[in-house]
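Below is one structure; the comments refer to it alone.
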Amino acid sequence: MARAAMNPGSFPLRALADAEPRPFWLDDPARPRALPALVGDERCDLLVVGGGYSGLWTALRAKERDPGRDIVLIEAQEAGWAASGRNGGFCAASLTHGLANGQARWPGELLRLEELGARNLDAIEAAVARYGLDCDFERTGEITVATAPHQVAEVREAAALAAGLGLDGGEFLDRDAVRAEVDSPAFLAGLWDRTGVAMLHPAKLAWGLKRACRALGVRIYEHTPGTALSSRGPGVAVRTPYGRVFARHAALGTNAFPSLIRRVRPYIAPVYDHALMTEPLDAERLAAVGWRRRQGLSDSANHFHYFRITADHRVLWGGYDIVHHYGSRVRAEYDHHPATYRRLAHHFFQYFPQLAGVRFSHAWGGAIDTCSRFSPFFGTAHHGRVAYALGFTGLGVGATRFGADVMLDLLAGERTERTGLELVRTKPLPFPPEPVRSLGIGLIQRSMTRADERGGRRDLWLRALDRAGFGF
């Protein structure tokens, strides 16, 4: 939908007046109290660094594989505090950030990747039931909507790609069909993946995984950042502010934060994503929008929005801007970006004018561990005693469980159906050092905006990046 049609009125800004500057998901009475920090030295078989999805799934899967394994997990803040408690709650089966990206990068193993991704999502659903993870899990699917004429053709091509591969993840919806699902004057067409995405409460998933890990005997220390990693005898040691952890093996789930393995850092460019949450919609407003089947939605622009409806009938509305800070710094003050909140509020009422008068209750942001191929990568260090999984690029709600299994396979020295994948055996292109990194990302942002405004036509800069293997 043309940005020039943006409503110039002031009510989108007024809708932000009472928005709390904190993540809606974490602003919940069910939030568990923080666990004590590590004081002194600990010893274990496996140390997990990071208490988001990546670390929690790794600890849980390690216990499921070997209940007797002695495991310690350390977290710099509180479990689920970072991206795992700030995302949109889209739990996708895709491991490749969509079929098109997978087809472009790993055409020979795409069907296997799709199968593994579907099995991974099934396993997450099974874990939710087995451990009683009260996280509002709903396997409602996702609709990718076209909001500009050129995007209709792109959506048709995506449906044809899925059909040509024999996959059932892409049902084309024309304008009337998509608006029958969720009514917006911006929607021209849609692609409905009915089974490959679940909606959930992201923070409650993290809190539930934390409880499940502790019930299985994992020792968790919060407010305990890992500050240095070194080899120590037959294992490794990680220093913390008040102690150390000695372990035979370590798995790193630090994602957007600087890795304890310095050579891995150039592969990640942390970018900030932001979101708004509305107040609960009453019955009349719900009826005006439809959304009876509660799918997640995203549009198909380069600068895209993602949006979904919550268990208590609020609308989460996020995305569009991609904010990178010089030096790839990750700081608490970057969590909020008023210019993005203003832009998101205007776009929300552009898409849903029938919701005029709705107010936003929360506004927040957080860092995403972006890599140049938009899909996770993996590796080991310290003679195979340390494993890492990084670069989930916004798809970590589901793919981190797969990444946990890859890390455990690598630490065990096993060749499995996962470790044999080209996806696992290869790395993305690293980002250049500063100032080239920030200059390049700025140029990419401008080119992506122009492409959205010019019928999807990519300029020479974007086409050159495509040929080089950068996934923008």
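What does the C-alpha gyration tensor say about the overall shape of the stretch 155-253? Classify as rounded when a/c is under 1.5, otherwise prolate if a/b is larger than b/c, or oblate.
prolate
For R214 and Y242, compute 0.36 nm times the residue count separating them, minus their Cα-Cα distance, and round to one decimal in nm.
Difference between extended and current length: 7.9 nm.
Let me check against my output: what whole-number percent is the relative contact order of the chain, with C-alpha pairs under 8 Å and at least 6 apart?
Contact order relative to length: 23 percent.
Within the stretch 11-47, name every residue whose backbone N is under 19 Å away from a label modeled 7 Å from Cα of H382 along the Cβ vector.
Those under the cut-off are 38-47.
Quick check: from the Cα gyration tensor, does the chain come out rounded (a/c under 1.5), prolate or oblate?
prolate
What FRET efficiency comes out for S231 versus E64 if R0 is 35 angstrom and r is the Cβ-Cβ distance? Round to the nearest 0.05.
0.80
Tell me the net charge near E64. Cut-off is 14 Å between Cβ atoms, E64 excluded, with +1 for each Lys or Arg and -1 for each Asp or Glu.
Neighbour charge sum, excluding E64 itself: +3.
Between R425 and R359, take the C-beta separation as r, use R0 = 35 Å, and let me know the FRET efficiency to the nearest 0.05.
Calculated transfer efficiency: 0.10.
Give me a comma-separated list of calculated 3J(HN,Hα) values for the stretch 85-90, in order, Karplus coefficients 6.51, -1.76, 1.60 applied at θ = phi - 60°, integers in Hz, x for any Gly or Pro.
Result, ordered by residue: x, 10, 7, x, x, 8 Hz.
Give me the percent of accessible area attributable to carbon and sulfur for the chain, probe 1.4 angstrom.
54 percent
Of the listed peptides 353-362, 242-251, 19-28, what is their order by residue-averaged count of other C-beta atoms within 10 Å, with the highest listed first?
Put in order of decreasing packing, that is 242-251, 19-28, 353-362.
Distance from a point 7 Å along Cα→Cβ of D18 to each backbone N in the stretch 334-354: keep the residues under 19 Å and list them by number.
In the stretch 334-354, the label zone of D18 (backbone N under 19 Å from the point 7 Å along Cα→Cβ) covers 342, 345-346, 349.
Report, in whole Å, the centroid distance computed from the Cα atoms of the stretch 270-311 and the stretch 58-124.
Each part's Cα centre sits 23 Å from the other's.
Using a simple spin-label model with points 7 Å from Cα along the Cα→Cβ vector, what separation in nm is obtained for A464 and T195?
4.5 nm
Pull up all non-local amide H partners of G366: gap of 5 or more, or a different chain, and H-to-H distance under 5 Å with H placed in the peptide plane.
Close amide H contacts, sequence-distant or interchain: D273.
What is the stretch 80-145's relative contact order, in percent, from Cα pairs under 8 angstrom and six or more apart in sequence?
Relative CO of the stretch 80-145 lands at 27 percent.
Quick one: what are the phi-derived ³J(HN,Hα) couplings along the stretch 423-439, Karplus 6.51/-1.76/1.60 with θ = phi - 60°, whole Hz, x for glycine and proline?
With the stated coefficients, the stretch 423-439 comes to 3, 7, 7, 10, 10, x, 6, x, 7, x, x, 6, x, 4, 4, 5, 4 Hz.
Can you tell me how much longer the chain between D27 and A163 gets when fully stretched, taken as 0.36 nm per residue apart minus their C-alpha distance, in nm with one decimal?
Result: 44.8 nm gained on full extension.
Accessible area per residue, 1.4 Å probe, Å², for the chain: what's the number?
For the chain, the per-residue accessible area is 40 Å².
Which of the lysines could a cross-linker span from K63 if the Cα-Cα distance has to be under 22 Å and same-chain partners fewer than 8 positions apart are dropped?
K204, K210
About the Cα centre of the chain, what is the dipole size in debye to 20, counting +1 per Lys and Arg Cβ and -1 per Asp and Glu Cβ, all else neutral?
For this selection, approximately 1300 debye.
Apply the a/c threshold of 1.5 to the C-alpha gyration tensor of the stretch 122-202 and tell me whether it is rounded, prolate or oblate.
It is oblate, given that a/c is not under 1.5 and a/b is not larger than b/c.
Can you list the HN-Hα couplings for the stretch 127-142, worked out from phi with the Karplus curve (6.51, -1.76, 1.60; θ = phi - 60°), rounded to whole Hz and with x for Gly and Pro?
5, 4, 6, 5, 9, x, 7, 7, 10, 6, 5, 9, 8, 9, x, 9
The values are calculated or read from the model by the stated rules, or taken from the named source; none is laboratory data. Predicted model only: the values in this text are computed from it and were never measured. Backbone-built Cβ (ideal geometry, glycine too); neighbour counts: all protein chains shown. Ligands, DNA and RNA are stripped out before the accessible areas are found, and what is left, the full protein with its side chains, is counted by its heavy atoms. Shrake-Rupley method; radii C 1.70, N 1.55, O 1.52, S 1.80 Å.
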